[in-house]
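Asker: Can you read through this structure? Questions will come right after.
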Amino acid sequence: MIRLLTLMMCILGFSQSVTSQKSNDSTFPDGTVISPWFKDSNKIQLKELGKKYTITDFEVSNDSLKIQTAAIQNVIDKAAANGGGVIIIPKGVFLSGALFFKPKTSLYVSEGGVLKGSDNITDYPIMPSRIEGQNLDYFPALVNAYGVDHFSISGKGTINGNGSKYWEAFWQRRKENPDCTNLEVSRPRLIFIWNSNNIQLQDVKLINSGFWTSHFYNCNNVKVIDLFIFSPHLKLKAPSTDAIDIDVCTNFLVKGCYMSVNDDAIALKGGKGPYADQDKNNGANTNIIIEDCNFGFCHSALTSGSEAIYNKNVIMRNCKIKGASRLLWLKMRPDTPQKYEYIRVENIKGEATTCLAIFAWKQFFDLKGRSDIPLSYGDHITLRNIELKCDTFYGVEKDPNVRLSNFTFENLKIETVKSKIDKSIISGTTFKNVTINGEQIE
């Protein structure tokens, strides 16, 4: 009887554990139910994209040395005028400046095909844009979609930013002026999608961007699936080549991607400045899921900031990390009001220099005449089910302008050089089954 009761209790306990896990898998950190939309990672098929417009059928030559911006743009415009369709980059290398996709058009890069960016900045005419938390006139990307709902980029080919000349120019400027801003050197992004909904990028390789690799601003319902995103971090380093910048977006899925870049892999942005929360162009990122990804070298796998005001309901899970400087980084700008809440990082294995990093980020600090320093907050942050080798586990610094609360560390197995933890910095810290260098932390 006792054995039967014990068995029943074990079964009940197991059942409760499974139920709890399912509940967590089905809800965001604040308890909001995750939409079934996030569970659908089906790939777009070429046959579903409408009429095919292979660029070499429309006066675009297979000449890797010839700039063909106008000819390729003409194909996009023709497709749009005829009711839409998919612009196909066939096998070969096609050199271009900024391209602008229109409603009901999409891009397919065939395996063996390369859309290569011009390294002459004059091929990217300045126009209204969004960069570094500001709406301003700036250089467009190689691939642009302004107000193009249902836009997609697919295929197993490559979009190559050809960024080496831009990187050289940046490092030369940095030698001349160590305090130079990122915008002092003219550089294009690889992909910029603005004010567009129901977007999907899949399978393509995005490499060697001159600036940020992919930037999504004011978009809803975006899926980024199985991308390979790379820029070099050795020898000639590619500055500011974030893999994925999510900027005032709702419902965003990043799944099955490989990211290795010389800056942050995934950065949640949304505005900066002492009154950024009052600017109608800025806003929150909500309902973000990053899963089944692999991270190579990057400054951080997941970053909130440095141009962000509000990030909520963010999940990063089932990922491997090797070579990142940080796993989770909350960049706290002392010149910007910020709130980062309900963030959960779970089921992670690998290596990073720092596990959790939270400190004041003062690059290009500017209060713009504001007399007080705005307060920032980090609340309900959870790290759980993590096995990590690192130099520093708890890279959290005390800051009088930052309020941190309700952090949970659960089921962690950490090997670290620096193991010191100052629990006084965070109000309400829970450690449950946390082992650091073989010792249990209470």
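Asker: Filtering region 118-174 down to residues that are assigned to a helix (DSSP H, G or I) and either of a type in the set (A, V, I, L, M, F, W, C) or touching a strand residue (DSSP E or B) at 6+ places or on another chain (Cβ under 8 Å) (or both), which residue is surrounded by the most Cβ atoms within 10 Å (Cβ to Cβ)?
Answerer: 167
Residues are listed down the side, and each one gets a yes or a no for (1) exposed (fewer than 14 other Cβ atoms within 10 Å of the Cβ); (2) closer than 23 Å to residue 198 by Cα; (3) of a type in the set (A, V, I, L, M, F, W, C):
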{"position": "61", "(1), (2), (3)": "yes, no, no"}
{"position": "68", "(1), (2), (3)": "no, no, no"}
{"position": "74", "(1), (2), (3)": "no, no, no"}
{"position": "82", "(1), (2), (3)": "yes, yes, no"}
{"position": "86", "(1), (2), (3)": "no, yes, yes"}
{"position": "93", "(1), (2), (3)": "no, no, yes"}
{"position": "99", "(1), (2), (3)": "no, yes, yes"}
{"position": "107", "(1), (2), (3)": "no, yes, yes"}
{"position": "113", "(1), (2), (3)": "no, no, no"}
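Asker: Please return the ranges of strands (runs of 3 or more DSSP E) entirely within region 375-442 where 1 or more residues are in contact with a Leu (Cβ under 7 Å, 6 or more places away or on another chain).
Answerer: So the answer is 376-396, 402-418, 426-436.
Results for (1) within 28 Å of residue 116 (Cα to Cα); (2) among the small types (Gly, Ala, Ser), shown as yes or no for each residue.
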| position | (1), (2) |
| --- | --- |
| 210 | yes, yes |
| 214 | yes, yes |
| 239 | yes, no |
| 246 | yes, no |
| 263 | yes, no |
| 310 | no, no |
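Asker: Going through region 370-387 one residue at a time, which ones are in contact (Cβ under 8 Å) with a residue 40 or more places away in the chain and either more than 27 Å from residue 436 (Cα to Cα) or of a type in the set (Lys, Arg) (or both)?
Answerer: Result: 370, 374, 376, 384.
Asker: Further question: Any idea which of (1) of a type in the set (Ser, Thr, Tyr); (2) buried (at least 24 other Cβ atoms within 10 Å of the Cβ); (3) within 22 Å of residue 413 (Cα to Cα) is the one residue 325 doesn't satisfy?
Answerer: It fails just one condition, (2).
Asker: Shifting gears a bit: Can you find a residue in region 242-251 that is of a type in the set (A, V, I, L, M), assigned to a loop (DSSP other than H, G, I, E, B) and surrounded by 24 or more Cβ atoms within 10 Å (Cβ to Cβ)?
Answerer: Yes, that holds for at least one residue.
Asker: Going by the conditions given, is residue 61 farther than 17 Å from residue 188 by Cα, of a type in the set (Gly, Ala, Ser) and in contact with a Leu (Cβ under 6 Å, 6 or more places away or on another chain)?
Answerer: no
Asker: Here is a follow-up. When you scan region 192-210, do you find a residue that is in contact with a helix residue (DSSP H, G or I) (Cβ under 7 Å, 6 or more places away or on another chain), of a type in the set (D, E, K, R) and within 20 Å of residue 96 (Cα to Cα), even just one?
Answerer: Among the residues of region 192-210, not one is in contact with a helix residue (DSSP H, G or I) (Cβ under 7 Å, 6 or more places away or on another chain), of a type in the set (D, E, K, R) and within 20 Å of residue 96 (Cα to Cα), which makes the answer no.
Asker: Here is a check on your reading of the model: is residue 98 modelled with pLDDT of 95 or more, of a type in the set (A, V, I, L, M) and more than 26 Å from the chain's Cα centre (by Cα)?
Answerer: no
The values are calculated or read from the model by the stated rules, or taken from the named source; none is laboratory data. Quick caveat, the model's predicted, so the values are computed rather than measured. Ideal geometry is used to build each Cβ from the backbone, glycine not excepted, and the neighbour counts take in all protein chains shown.
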